[in-house]
Structures are given as structure tokens and as C-alpha cells.
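Below is one structure; the comments refer to it alone.
None of the figures in this text is laboratory data; all of them are computed from the coordinates on show. Everything numeric in this text was worked out from a predicted model, so none of it was measured. Cβ placement follows ideal geometry from the backbone for every residue including glycine, while neighbour counts extend to all protein chains displayed.
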Amino acid sequence: MANYSSNQFKNGMKVMIDGDPCSMVDVEFVKPGKGQAFTRVRLRNLLTGRIWERTFKSNESAESADVMDIDMEYLYNDGDMWHFMDPNSFEQVAADKNAVADADKWLKEQDKCVVTLWNDNPISVTPPNFVELEVTETDPGLKGDTAQGGSKPATLSTGAVVRVPLFIEQGETLRIDTRTGEYVSRANG
Amino acid sequence: MQQDLWRPNASIENLRARARVLAQIRSFFAEQDVLEVETPVLSKCAVSDPFLDSLEVSFGFQPGIEDERLYLQTSPEYALKRLLAAGSGDIYSMAKVFRNGEFGRRHNPEFTMLEWYRLGFDDRQLMAEVAALVRTVVPELSVQYLSYAELFERELGLDPHQASLQQLQQVCREHVDAPFEDDDRDTWLNLLMSHVLEPRLHGAVFIHSYPASMAALAQVRDDEQGRQVAARFELFVDGVELANGYHELTDAAEQARRLQADQQQRAALGLPQRPLEQRLVEALEAGLPECAGVALGVDRLVMLALGVDSLDQVVSFMHERA
């Protein structure tokens, strides 16, 4: 694996830190008036999600991590593992609960998502920013209440529970922002 | 996503404000009768400081003849001191300087440096003049003065002159994730300063009386406790370094020794060996008048005047667009 010198560091670079693959979130050059320069890097541990800052000397280096983000299609869950396919190569990978984590509640079969591979193994799954899911259970809608007003919980086909406006009915398809977990609108058509 | 890269990154309005600050600086020095001079940006010699990297330029005469290697200057200091030794009197330069590999929110590989020298001044008198200049641009600024030791003692309960390498390392690691090893005390002091203490400096603060090991080209003297300190100061405004000044070293033999020491440290760090400025030593031998000098980052002063927090708002075209 290649090594990056601290003066080559830039945002988005993937490196190995203490044995874990990490992504550089923010890279800042710090230079005292006289003396050695430092590079302060905000890192995200790609296995645990932890974000913290580490400082490197000017001549220090870090080993690059073999991490790739690949657009994949979600196929199915076999009860234990989540299966994805690269639509270009038709190669399939299986991700475990650790890798899928919270993405689980937004995954609908055939949806596209980003699977992060480290040494060819899935370590995280990022759902699309917006997904369209059907309401499987919610209290009956209130007629005429289409303006502002209260909200109520609705269970979606993936099992996720989101707050929706009172007028939403069971069986409707909703557009959800997966980054916030919030209802956006009724899906078109 | 990067669109319109032909455009300046700063607004035209900010560039107008920048021009006004430059005019205020020039009128400040005109009133004080300090002479504006220009010095070579390209020189046969390079800065000796191991932690500054000069950009190399190949100067070609004609095919078949080997190019001459020249260096873009990281500051006008050497040339200004040669002028002082030649009898220029009080002088200033406001011009571009170049530093290889320096880039960030508050760094650009080329930037505008204001550097000036006052005959008969010491570091304290020069600090007062720096404050006066900054106030012409930012009138409401209040200024504090703290020694390096006072700052470390107040904030960390640490004596920066006496603390051992192990103590410095330990205190550093309580505050900063920096698992590397380094047996130079100054590295840890610099790390504490830049990562822990500078962010705690609010308003304008002059830090003075640096450890003797950080003297660079400043004189070394004894402080009230009899510790050896450098007659050097830095001005920080809201944690950002704005200026660095010295009561200047005038001893030619000591200057020659520091150049050699820098060159040896460069060799030890595997850094390029570049021609040392021996003409500076000759100028000091001829006689550099007692003086104090300071370098101030003009772009950062403009940031302060405009109340903005990144260089790209006050520089027309930053590195990516240059």
C-alpha cells in the first residue's frame, strides 16, 4: 500500500490509523511563527463512525487504506446478511449487521445505495438521500386536514417509523429524507 | 462542482477595502519617515530556516549552458538587512513572499508581507509601533502584553523554560492526539502553542520573551528571573498570528554560527542543502546598526479589518485559481 506524506493529505483521503480505515474529513495546515509545521486532521473511523482530531508532524506519513465507495443495488436480506450487487460487474457482496447498521431501515429491494468496501469487504452502507416507501400502518387520516397541524407516527414497509402529517393514509407511498429520517412529501404518482 | 474558476475568489468590494488598507499602511510609514524599498524576489541564496521551504526557479541563459538555480524569497529580511548595513536608515518593504507547501484557510504559497526596521528601537518599542499601525486599520482594537512564560504558567501551570521533554510531551498529549515521537522540546512547545494556547488568545495579544532556543535572528537576553529569553515577539489577534518581530541580532559571528546550525539541522532532517546567505554575514561584519524589525502578514491584517476568517475573501486569486 502507498504511503501519503502529511503534506499530501487532503479531504476525503482514506488512510489506516491504529489499524482501522479512516477518512479525512478536514485537513488543516498549522504553522507556528517559527519551527516545525503540523497538519491537523479531522478523521472519521469508517468502522466505528467515531470522529476526532489527530495532529501529524510535517514529515510524518500515513498508510493509504484500500477503501472504495461503490454504487450497488440492494438485492435481499437472508435473515442474517444483506446482499448487494454491482450493476456493472454483476459481482455480489454480503454485508453484516455491523456494516449495514442504521441503513437497514431505509433499504428497499432494487434501490441503489453506496457500499463502502475495505479490502473488498463491505464496512458500511449509505442509503440514497431520498427513498420512497409504503405506509403499512398508521392511524386513520383526518379528512380535510391537509394544511398544517399535528403529526402522527407511521410504520413503513421496511419497519422504519417516521412522523407524518395527519392526512396520510395506510397504503400511500411517501418520500423520506434518510439523512434526517423525516417525511418530505407524498411520492409522485 | 467547481464552477467559474476564471473568477476571483474575493469580491471586488473586498478588494477595494484591501486597497484602502494598503494605502493606510503606506501613509503610516510616510508620516513616520520610514522609506519604502523593494528587494529581489529571486535570489541566488535561500532562507536557512529548516522549517521554511523555498521555491526553486530555473533561470536559463541559452541552450547548452546549464541553468542557474534561483530561489523565491520567503521574506525580504536578508536584503533589508544588507540595505540597513549600507546606511539606508529606517526602511520597510511591502511585497509578495513565497513559501513552498504552505496552503490552507489562512495560508497561501504566495502572500503579501510587510516588513520594517527601526534604528535604535528594541522589541518593546517596536511592539508599541506595531500596535499603532494595526490601530490605524482597526481603531477599536485593545492590546495586551504577555510573556511566553506567563502565558504557559497561566494556562497550563507549566514553566516553558524549565519543563522537561517528558513533561511537555505529557501535557501535550493530555490536550492533543499527537502520538508521534520527537526529542526536540521546541516541537512540543510549538504544538502546545499552536493547538492549545493560540485558540485561547482573544483580542490582540503580544507574546514576547520566547525561549532562547526559538530566537531565530533575535538577540538573547536575561529576563527578570535571570532566564535566557529571545528578544522576540509575536502578535496574535483572536488566535491568529499576525506579526513576528525581533530586537535584531547584529553579531556577525553569531549570525554565521546560526546559519551553519540551520544547515546542519537541515542535513539531519534530510532537507535540501541550499546556498546560505553569506552576504548577510558580510553585511553584519561591516556593521548592522542596532535595530528592531518585524514582519506582518498583510492579507491577515486585511482579514482583520474586514472581519472575515479566510484568506480567500481578501486575496484576488488563491492557489487553486492562480
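Sorting the segments A:77-90, A:167-180, B:227-240 by their mean number of nearby beta carbons within 10 angstrom, highest to lowest, gives B:227-240, A:167-180, A:77-90. Shape summary: segment B:1-134 maps onto an equivalent ellipsoid whose semi-axes, from the alpha-carbon gyration tensor, are 28, 25, 14 Å in decreasing order. Relative to one another, the C-alpha centroids of segment B:13-44 and segment A:1-24 are positioned 41 Å apart.
For the residues of A:49-55, the average number of beta carbons from a partner chain within 10 Å of their own beta carbon is 3. Annotated for the protein assembly as shown: lysine pairs at least 8 residues apart or interchain, Cα distance under 18 Å, count 10. For chain B, the relative contact order is 25 percent, taking Cα pairs closer than 8 Å that sit 6 or more residues apart in sequence and dividing their mean separation by the residue count. Which value results for Rg/Rh of chain A when Rg is the Cα radius of gyration and Rh the Kirkwood radius based on the inverse mean 1/r? Ratio of gyration radius to Kirkwood radius: 1.12.
Shielding by partners for peptide B:188-195, expressed as the average number of C-beta atoms from other protein chains within 10 Å of each residue's C-beta, is 5.
Computed across segment A:3-64, the Kirkwood radius stands at 11.6 Å (inverse of mean 1/r, all Cα pairs). Dividing the convex hull volume of the alpha-carbon atoms in the protein assembly as shown by its residue count gives 232 Å³ per residue. The mean number of Cβ atoms from other chains found within 10 Å of a Cβ in peptide A:35-42 is 6, as a whole number. Each listed q (0.06, 0.08, 0.13, 0.15 Å⁻¹) maps to a log10 I(q)/I(0) for chain B, found by the Debye formula over equal Cα scatterers with no solvent: -0.22, -0.39, -1.09, -1.46. Once you order the gyration tensor axes a ≥ b ≥ c over the Cα atoms, which shape class does segment A:67-126 get: rounded for a/c under 1.5, otherwise prolate or oblate by comparing a/b with b/c? The shape class here is rounded.
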